[in-house]
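Worksheet: one structure, shown below.
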Amino acid sequence: MRVFDSGNYILGQEVEYFERTFAEYCGVAHAIGVGNGTDALILALRALGIGPGDEVITASHTAVATVAAVLACGATPVLVDVDNAHYTIDPGSVEAAITSRCKAIIPVHLYGQPAEMDAISSIARRRNLRVVEDCAQAVGARYRGRRVGSLGDIATFSFYPTKNLGAIGDGGMVVTGDAGLASRVRRLRQYGWDELRNADDVGVNSRLDSLQAAILQAKLKHLDSDNDRRAVIAERYNRGLAGLPIETPATRGECTHAYHLYVVRCTQRDALQAHLAENEIGTAVHYPVPVHGQHAYAERSVFSKSGLPATENLTGAILSLPIYPELNDDDVDRVIKAIHEYFRRTR
């Protein structure tokens, strides 16, 4: 009602307040609200000066938005493998993929699991590359005591309704500790304008609206407790599925997983998914086709023609089980029971 009464529905004080509190939450100096998570990535890359002729390294096992953002800047995505245990970008594959045209690395904190940022940051320093954290699935996660979003040069978040911190609509955020980058993103999100509406750069129209900012501000105070509940659910799954021919998620040491998704690995994935559907238990596959296997993106990207083995082995085996803060223990136990029933039937 405060937003409705104000008559100010785009940017304004509500957005500025949420930007300040979200920056503080992430442990950075600056946050800039934008239209959605994909725009956040595009604006972060553009703020770094990345464009045609440049290469940006990221994982092929990710939501396609990560790669779409690179292409939207006119740059070339270089798609590399993930590590087989945590499903995040493999630092060794990153190192091998660097060329003289490479300008940045986008580590994706996939499913809520922080990527191996010490190794990525070390590579970036040695090779003079910028690091853009894709935190769309990992708001609130920690890497060795620090929130994701505070570990690279610049970072991006999505507030799509299904995210751990979701809007009732769409929204995104760019965060950074660099005042110069923050200032450039602020200009680029609104036509390239400065405070006097003069443009020294060509920007876009990607602004977080006031109503979504007010909703996100109200929800932010519950984010940590919601993530704690997700962790409790994940641990209940871990205990309940122990001993079955199924791999539960591994959490990287000294990290706090946000459990946006709870992804198991099973060689009988399709049959298990069908059994759960028969029991009215919804599941999904994130993601059934890696980006380098999608024609429109493959022909515009660089990747190993011999394949990305860890990524390709995942796609036929991963399954996302239900996880959200409102899921009660009885429902979690019903999922576990149904999975046990499936494996008893197939022995």
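The values are calculated or read from the model by the stated rules, or taken from the named source; none is laboratory data. Quick caveat, the model's predicted, so the values are computed rather than measured. Ideal geometry is used to build each Cβ from the backbone, glycine not excepted, and the neighbour counts take in all protein chains shown.
Out of the residues in the range 94-121 that are hydroxyl-bearing (S, T, Y) and in contact (Cβ under 8 Å) with a residue 24 or more places away in the chain, state the one that is surrounded by the most Cβ atoms within 10 Å (Cβ to Cβ). Break it down into steps so the answer makes sense when it comes.
At the first step, the residues of the range 94-121 found to be hydroxyl-bearing (S, T, Y) are 99-100, 111, 121.
Pick out the ones that are also in contact (Cβ under 8 Å) with a residue 24 or more places away in the chain and you get 99, 111, 121.
Numbers: T99: 10, Y111: 23, S121: 18.
Of everything passing the filter in the range 94-121, Y111 is surrounded by the most Cβ atoms within 10 Å (Cβ to Cβ).
Just wondering, is there one or more residues in the range 19-28 that are of a type outside the set (G, A, S), in a loop (DSSP other than H, G, I, E, B) and not assigned by TED's automatic domain parsing to the domain that holds V285? Walk me through how you get there before you give the answer.
Here is the first cut: in the range 19-28, the residues of a type outside the set (G, A, S) are 19-22, 24-26, 28.
Checking the rest, the ones that are also in a loop (DSSP other than H, G, I, E, B) come to 28.
The next check asks that each one be not assigned by TED's automatic domain parsing to the domain that holds V285; those that pass are 28.
Yes; the residues of the range 19-28 include at least one that is of a type outside the set (G, A, S), in a loop (DSSP other than H, G, I, E, B) and not assigned by TED's automatic domain parsing to the domain that holds V285.
Select from the range 323-347 the residues that are in contact (Cβ under 8 Å) with a residue 60 or more places away in the chain and not in a helix (DSSP H, G or I) and write down the one among them that is surrounded by the fewest Cβ atoms within 10 Å (Cβ to Cβ).
T346
Any residue that is surrounded by fewer than 19 Cβ atoms within 10 Å (Cβ to Cβ), modelled with pLDDT of 95 or more and assigned to a helix (DSSP H, G or I) - is there at least one of those in the range 245-253?
no
Kindly indicate which of I215, I233 is surrounded by 18 or more Cβ atoms within 10 Å (Cβ to Cβ), part of a helix (DSSP H, G or I) and not assigned by TED's automatic domain parsing to the domain that holds I323. Steps first, answer last, please.
Values: I233 fails: not assigned by TED's automatic domain parsing to the domain that holds I323.
Within the list I215, I233, the selection yields I215.
Quick check on R189: is it buried (at least 24 other Cβ atoms within 10 Å of the Cβ), in contact (Cβ under 8 Å) with a residue 60 or more places away in the chain and charged (D, E, K, R)? Working first, answer last.
Working: buried (at least 24 other Cβ atoms within 10 Å of the Cβ): yes; in contact (Cβ under 8 Å) with a residue 60 or more places away in the chain: yes; charged (D, E, K, R): yes.
Judged against the criteria, R189 is a match.
Name the single residue, out of those in the range 80-125 being small (G, A, S) and closer than 20 Å to N313 by Cα, that is nearest to the chain's Cα centre (by Cα). Break it down stepwise before answering.
In the first step, residues of the range 80-125 are kept if they are small (G, A, S); the result is 85, 92-93, 96-97, 100, 104, 112, 115, 119, 121-122, 124.
Adding the requirement that they be closer than 20 Å to N313 by Cα leaves 85, 92-93, 115.
Working: A85: 18, G92: 21, S93: 20, A115: 10 Å.
Residue satisfying both the conditions and the ranking: A115.
Which residue pairs have Cβ atoms closer than 8 Å, lie 6 or more positions apart in sequence or on different chains, and pair a first residue in the range 48-73 that is assigned by TED's automatic domain parsing to the domain that holds D178 and more than 22 Å from N128 (Cβ to Cβ) with a second residue that is among the aromatic types (F, W, Y) and assigned to a helix (DSSP H, G or I)?
V64/Y297; V67/Y297; A68/Y297; L71/Y297
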